[in-house]
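Before any comments, here is the structure.
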Amino acid sequence: MNELRNGYYEFDIDIYQEWKRTGYHYVAIITINADMYEYLDESAFEIIPHANRPEMVEQVYAMDSEYLLSCANQKLLATTFIVHKRYL
């Protein structure tokens, strides 16, 4: 895990596999205002795990989605995906 700052980590395959192992089925992806964090690029998104499909969230992905796996494998290089330590 790559710790960034302020309790945030870069989302990676280890976090993805741990979430699958512990029974999370969905994630919500929330846009982060990168201006508040000098260590983030312009495109930054927080990934929040959920056991059940969350309501009232625009971007929800199943844990087995190709998109989430691409995020975990860091194939979307122009975008930073982060996770707060409380979800680790």
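Things worth noting here:
- Calculated from backbone phi, Karplus (6.51, -1.76, 1.60) coupling profile of the stretch 61-72 in Hz, x at Gly/Pro: 10, 5, 4, 8, 5, 4, 4, 5, 5, 4, 4, 5
- Working ranking of peptides 25-32, 55-62 by packing, defined as the average number of other Cβ atoms within 10 Å per residue, highest first, is 25-32, 55-62.
- 14 Å beta-carbon shell around residue 64, net charge (K/R +1, D/E -1): +2
All of the numbers you see were taken from the coordinates with simple rules; none came from a lab. Note that the structure is a prediction, hence the values are computed from the model and not measured. As a convention, Cβ positions derive from the backbone with ideal geometry for all residues, glycine included, and neighbour counts pool all protein chains shown.
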